[in-house]
1. State in Å² the accessible area per residue of the chain; use a 1.4 Å probe, count heavy atoms of protein chains only, and round to the nearest integer.
2. In segment 130-224, which GluC sites (Glu not before Pro) are in a loop and have at most 10 other Cβ atoms within 10 Å, using DSSP for the loop call?
3. Roughly how many Å² of C152 are accessible to a 1.4 Å probe, to the nearest 10?
4. Under 27 Å Cα to Cα from K133, which lysines show up? Leave out anything in the same chain fewer than 8 places away.
5. Looking at P163, M3, H181, which one has the Cα that reaches farthest to the positive end of the dipole of the chain (charges on Cβ: Lys, Arg +1; Asp, Glu -1)?
6. If exposed trypsin sites (Lys or Arg not before Pro) are those in a DSSP loop with at most 15 other Cβ within 10 Å, what is the longest stretch of the chain that has none?
7. Please work out how much accessible surface I110 shows to a 1.4 Å probe, ignoring ligands, DNA and RNA, in Å² rounded to 10.
8. Find how much the distance from R41 to A222 grows on full extension, using 0.36 nm per residue of separation minus their present alpha carbon separation; answer in nm with one decimal.
Amino acid sequence: MTMKYGVIGCSGRMGQAITDLFGRSGHELVLTSNLSGTECRARPEVLVDFSSHAALAGTAALCRAHGAALVVGTTALGEEHFALLRELGKEAAVVQSFNFATGVNVLKMILREYAPLLSDWDLEIEETHHDKKKDAPSGTAILLRDAIGRDCPMHSFRLGGVPGDHSAHFANDGEVLTFTHRALSRGVFALGALRAALFVVNAEKGFYTFEDVLKHGMKLGAAS
Ligand code: NAD
């Protein structure tokens, strides 16, 4: 199946990784948007937004204008942005995640299930990203903290070209338990965005997470 798609933040690091992968996979780029403006040459079925929270209201308006689904990976979203996405989800299919890597989302499920067993252990979350990253702590650090379900110190390093490393360290007097995820390239996020786009173009309207996309894939695998 080939898709007509648009990219918000198309000239950015993630925008380029996304257009590279989607292009190699045979999908047609019909809308591009970045700080210098928007160009559209056909109706997109899905928009992929990895840009800035400042772009989100405009992205929602583009989705409504084109009847397009949405994949959004932008971080540093606040409650008002989630309210906007949930409202859009009443009219369109929307997938949001602060991290489109499969491993991070599996880690999130593990932590949600088992971190309650470590509720009286010390906990600190550490993340490292490239030195151009604007927000700290990362959206993924926040996602992992929310999966664990309690506040903890979070430490951010901004070093060189690191695409994204995250560790949740648990410890008590006798043991240390560390969960670590490393993205080896931006390609993993682009691959997740492609999986999400292929899911969302056929999904009922609603607000979905990347976990929903992975679980849908598992059901399809079990059925085949
Ligand atoms: P970048 O700075 O390289 O690119 C940002 C792009 O957004 C640029 O093309 C810029 O022109 C555009 N942009 C900025 N403000 C805009 C606006 N108001 N309207 C339209 N376009 C606008 O950033 P990046 O490294 O590509 O990251 C982009 C976003 O994706 C960040 O929020 C980052 O944290 C996030 N990200 C998410 C994941 C994930 O898996 N969810 C992975 C990596 C990065």
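1. Working: 11150 Å² over 224 residues.
On a per-residue basis, the chain sits at 50 Å².
2. E175, E204
3. C152 exposes around 30 Å² with every protein chain in place.
4. K108
5. The one lying farthest along the dipole's positive direction is M3.
6. Values: sites that count: R41, K90, K132, K134, R150, K205.
Longest stretch, sites excluded: 151-204.
7. I110 exposes around 70 Å² with every protein chain in place.
8. Details: separation 181, 0.36 × 181 = 65.16 nm, distance 3.92 nm.
That works out to 61.2 nm of additional length.
The values are calculated or read from the model by the stated rules, or taken from the named source; none is laboratory data. Since the model is a prediction, treat every value here as computed from it, not as a measurement. A quick note on method: Cβ atoms are made from the backbone with ideal geometry, for glycine too, and the neighbour counts reach across all protein chains shown. Accessible surface is based on the protein model in full, side chains and every heavy atom, while ligands, DNA and RNA are left aside. Shrake-Rupley method; radii C 1.70, N 1.55, O 1.52, S 1.80 Å.
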